[in-house]
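First up is the structure itself, then whatever we jot down about it.
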Amino acid sequence: MKKLTGIFIALSLAAAATAAAPEEPSLPVAARDGPNDAGGAVEIFWLASPLEKEEGFKGYEVQRRAEGEEVFATIAEIPPGEVVHQDQEAEDGVPYEYRVRVLTSEGAPVVLGVSKATASGQWFNTARTNALVGVVFTSFVIIFFIFRARGGAELFVRKIAGLDAVDDAIGRATEMGKPILFVSGLADASEISTIAAMTILGKVARKTAEYETPLIVPCYDPIVMMVEKEIVRQAYTEMGKPDAFDEDSVFFVTQSQFGYVAAVDGIMLREKPATNFYMGAFFAESLILAETGAETGAIQIAGTDRVTQLPFFITACDYTLMGEELYAATAYLGRDPLFLGSLKGQDWAKAVIMLALVVGTIFLIISTDLGIWFAKLFETSAS
Amino acid sequence: MNFYEKFLHIDRRYIFIFVALRVIIPLVWPLGLAVTTSPPVENVYNAVEELAPGTPVLVSVDYDPSTQPELSPMTIAVLRHCFARDLPVIITVLHPGGPGLALEISDRISKEVGAVYGEDYVFLGYKVGSSAVILSIGQDFHVSFPADYFNTPIDEIPLMKKVKNYNDIGLVITMSGSTYPDAWVAFAHERYGQKLAAGVTAVMAADYYPYLQTGQLVGLIGGLKGAAEYEKLINRPDDGLKGMDAQTIVHLFVVLMILLGNIAFLFVQRAKKREAA
Amino acid sequence: MRRELPLAICFIMGIIMTVQFFIPHRHSQWLFDNMLKWLIIVLTFAMILGIGNLVKLHIQKVQHRRRDWLYSIVALFGISASLITGFGWGIEADSPFMVLFNYVQIPMQATMFSLLAFYIASAAFRTFRARTVEATLLLVAAVIVMLGRVPLEGIVGRWLPDLAEWILDYPNMAAKRGIMIGIGLGAISTALKIILGIERSWLGGGD
């Protein structure tokens, strides 16, 4: 793993070296194919004319002619102080000649210089090399640990109190003879937190099937409802109790945010569940849900990646899974090697980021230029 | 149960009544508390001020009626500022609950300042698929918005004839009660280098300070206080400033309740320790 | 095939669009532009599917007299009223549709959101106790930021809003950034698992 980290840092340094930087023209005028683009663009640079300091200087004129043409056509007039222009209307594969002339209020334009270039599209955006290195490294690390976990290696995962409490919370509801409420958030099935919530629901449903504890799953999104109904049905079937599955336990409420929370609050006050799970994406309604649940005396376990809502859940719930702890739930509860491996890979990627932060801070302390150079390795450029 | 224990278990409905009174009374009898501005809001103001007259600004109304009391005052203030600076405004909506709000605001403010539809502002309406829409604007407005909200092809709108994509827009300001600013940062700023500012609810404002620090957002208007600050900067007091009195009194009440609750908690803990001893 | 086909599509498109991000060539741009257009079209139809599903669910509730079926009639009436007024009289500023929106929808939603003011007060009173060192830190920071976000500078001076701004600029920003990095990595990992077919709960029917 340390070797891999070293390789990653080396590749990042290589990425910095290959990143396209604006050229300083040694000739008065230089033209080149626009870097890292879809084609159709040529960049023209020139050295500032000494005439800029004189009165009457109006600016520059950029002209172009295609191979075989005789006459130069003006494509742009550039104000004083600027020494670069991008021709966005060049045809790919056609050699062009660019001429830059100095415009003054007196006399004819003075030719600064001429240069040739041909536009073409690139097949790789070198400015995104660092992103590619990051993607490849992260993917490799995750896949590496998945294979390691599959091979039987013991992978340590630290204690997550909220997830340890799931079994106890379900047991509490069973002993009290009260239902369990599971709210999987207010987002659709494409949200990662909803997917994580659905996975936790599967584990919870297996337990409720085993103990025959009533389960209430009000859904915000109709498609999520359909998926969750199947998940719960499957869980009951796997536990050998398909007849115990209640179709109406997983139901659609409304896609209106506060209509949904009003309905769930009503369920909490009427059914008085012993355990409330809030897993997924939550918004402004999170405190209303958690406070109402607290009022009924239920034990509450929440998990969300919505950073804004974490403070409300932390104050109002007994346990809160913060951000990626929710994503880790799948691996933690099931101890499936595939999921454990990906969790480990994530952690290593995070370790490399932390190392980069420490190294960058040290570099900045040693020298501002060194720190800025190191920071630029991680910059992404706009296309 | 002694007095302190009773206080700790006070029926929450008494708290609700006091909060209600503390909201209503200052709205009826304003206190007129002076607002000072903060750097994040000043940065949004300056970003608009620095634009040359005639530079289009894209204002994205990405919220629904639930967050309207906090976000509409800042949207109105920003629109007034843009019109005062002769900056044409393109209004889009990424939240399905937003078109009605955006339409009402744009209609009202344009009539107030005498802005002409099609020249000074255009309302493109709502399109589904927020990230896809943000990305597509980077290519060409026509991809997501071939016509405006009133079904006029954008090729026939004078303002939109000058605007193809982000290259022609000076600033994007997203007003959101949800996570749309994250998508704007990821797709408009990172991918296309678009200058971006955001107006968000007070609860969300703390989340966007990392983006402020890196410069991915040039400025941030947070909550009703942010709206009040912006109204002060443009010298047009409105709902933002009016709401500040009520917000102040309620905040003070909540802080007082927290302090009293902790004092009562201390006494109860001491009593329990004495009993145990 | 019911599971294999979606998994295959997910894998192929995931890999293609990841690779596309690094290729600026016009052929790659053409693919990206068309994928965007398709995505917007598919999402629009998904919205229609969602509305259709909603109507179907409520009609079934009414037909089978399931729990709270009367409220389904209210929901169906609301959907119909919006569609009829919108298509019948348009969606301009003074249309019946906008009157319904401005005088029914907005007040209802704003009112529900306003409940938060009351709940925050009761939650703060109930839970902000200085039980531990961490809880005390949370309490003190919350009080400073709450007071810093209201215009009390004229009474107590600028130090309070400046201190609140410092808390937001430094400790808050650092903590949020850490959480955001973690969430970002979690999202990458989950996305990778979905593309590779390891995470299949989105298909329904368990792992």
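Please treat every number below as a calculation from the coordinates, not as lab data. Not measured: the values here are computed from a predicted model. Cβ sites come from the backbone with ideal geometry, for glycine too, and all protein chains shown count toward neighbours.
Averaging over all projection directions, the Cα-based convex hull of segment C:39-115 occupies 7.1 nm² in the image plane.
Contact order for chain B, expressed relative to its length and based on alpha carbon pairs under 8 Å spaced 6+ residues apart, stands at 27 percent.
From most to least packed by mean Cβ count within 10 Å, the peptides C:75-84, B:205-214, B:252-261 give B:205-214, B:252-261, C:75-84. Taking a point 7 Å out from the Cα of B:PHE267 in the direction of its Cβ, the residues of segment B:1-35 whose backbone N falls within less than 15 Å of it are B:1-10.
Each of the peptides B:142-149, A:252-259 was scored by the mean count of other Cβ atoms within 10 Å over its residues; in descending order, highest first, they stand as A:252-259, B:142-149. Taking Cβ atoms as reference points and 14 Å as the exclusive limit, the residues near A:LEU321 contribute a net charge of -1, counting Lys and Arg as +1 and Asp and Glu as -1.
Distance cut-off 21 Å, Cα to Cα: go down the list B:LYS162/C:LYS37; A:LYS344/C:LYS193; A:LYS241/C:LYS56; A:LYS229/C:LYS56; A:LYS207/A:LYS350 and report the pairs above it. Listed pairs above 21 Å: B:LYS162/C:LYS37; A:LYS241/C:LYS56; A:LYS207/A:LYS350. Distances over 38 Å make up what percent of all Cα-Cα pairs in chain A? For chain A, the fraction of Cα-Cα distances above 38 Å is 47 percent.
Counting neighbouring Cβ atoms within 10 Å and putting the fewest first, the residues A:TYR98, B:TYR63, B:TYR230 line up as A:TYR98, B:TYR63, B:TYR230. Listing A:MET225, C:MET47 from fewest to most neighbouring C-beta atoms within 10 Å gives C:MET47, A:MET225. If you model segment A:233-283 as an ellipsoid using its alpha carbon gyration tensor, with each semi-axis the square root of five times an eigenvalue, the axes come out at 25, 13, 12 Å, biggest first. Enumerate the residues in segment C:1-26 having an amide nitrogen under 14 Å from the point lying 7 Å beyond the Cα of A:ASP92 toward its Cβ. Only C:23-26 fall inside the zone, counting backbone N under 14 Å. Measuring between their Cα centroids, segment A:200-269 and segment A:167-187 lie 11 Å from each other. Would you tally the net charge around B:PHE141, using a Cβ to Cβ cut-off of less than 12 Å, leaving B:PHE141 out, and scoring K and R as +1, D and E as -1? So the surrounding residues net to 0. For segment B:124-277, the share of DSSP beta bridges that are antiparallel, to the nearest 5, is 10%. Membrane-span-like helices in chain A, defined purely by DSSP H runs whose alpha carbon atoms cover 15 Å or more axially and whose average Kyte-Doolittle hydropathy reaches 0.0, are A:2-18, A:129-150, A:161-176, A:192-211, A:222-238, A:257-271, A:324-334, A:337-366. In this structure, C:MET47 and A:GLU295 have a Cβ-Cβ separation that, at R0 = 51 Å, corresponds to a calculated FRET efficiency of about 0.90. With contacts taken as Cα pairs under 8 Å at a separation of at least 6 residues, segment B:190-277 carries a relative contact order of 19 percent. Across chain C, C-alpha contacts under 8 Å between residues 6 or more apart give a mean separation that, scaled by the residue count, equals a relative contact order of 19 percent.
Counts of other chain beta carbons within 10 angstrom of each beta carbon in peptide A:287-298 average 3.
Where both bridge residues fall in the protein assembly as shown, DSSP classifies roughly 45% of the beta bridges as antiparallel. Mean per-residue shielding of peptide A:189-198 is 4, counting Cβ atoms of other chains within 10 Å of each Cβ. Legend: helices of chain B (whole DSSP H runs) are marked when their alpha-carbon atoms reach 30 angstrom or more along the helix axis and their mean Kyte-Doolittle hydropathy is at least 0.5; marked are B:239-276. Arranged from fewest to most other beta-carbon atoms within 10 Å of their beta carbon, B:ILE15, A:ILE267 become A:ILE267, B:ILE15. Computed from the C-beta positions of C:PHE77 and C:TRP38 and an R0 of 35 Å, the FRET efficiency is 0.50 to the nearest 0.05.
Name the residues of segment A:41-58 whose amide N is less than 20 Å from a point 7 angstrom out from the Cα of A:LYS116 along the C-beta direction? Flagged as within label range: A:41-46.
Legend: mean number of C-beta atoms from other chains within 10 angstrom of residue C-beta atoms, peptide C:14-26, equals 5.
Would you mind estimating how fast the protein assembly as shown diffuses translationally, via Stokes-Einstein at 4 °C and 1.567 mPa s with the Kirkwood radius over Cα pairs, in µm²/s? Here the translational diffusion coefficient equals 43 µm²/s. Long hydrophobic helices in chain C, taken as whole DSSP H segments with a C-alpha length of 18 Å or more on their own axis and mean Kyte-Doolittle hydropathy at least -0.5: C:4-20, C:26-63, C:69-89, C:106-127, C:133-148, C:173-195.
For A:LEU215, the residues 5 or more places off, or on other chains, whose built amide H falls under 5 Å of its own are A:ILE180.
Once each part is reduced to its C-alpha centroid, what is the distance from segment B:35-49 to segment B:116-189 in angstrom? Segment B:35-49 and segment B:116-189 have Cα centres spaced 24 Å from each other.
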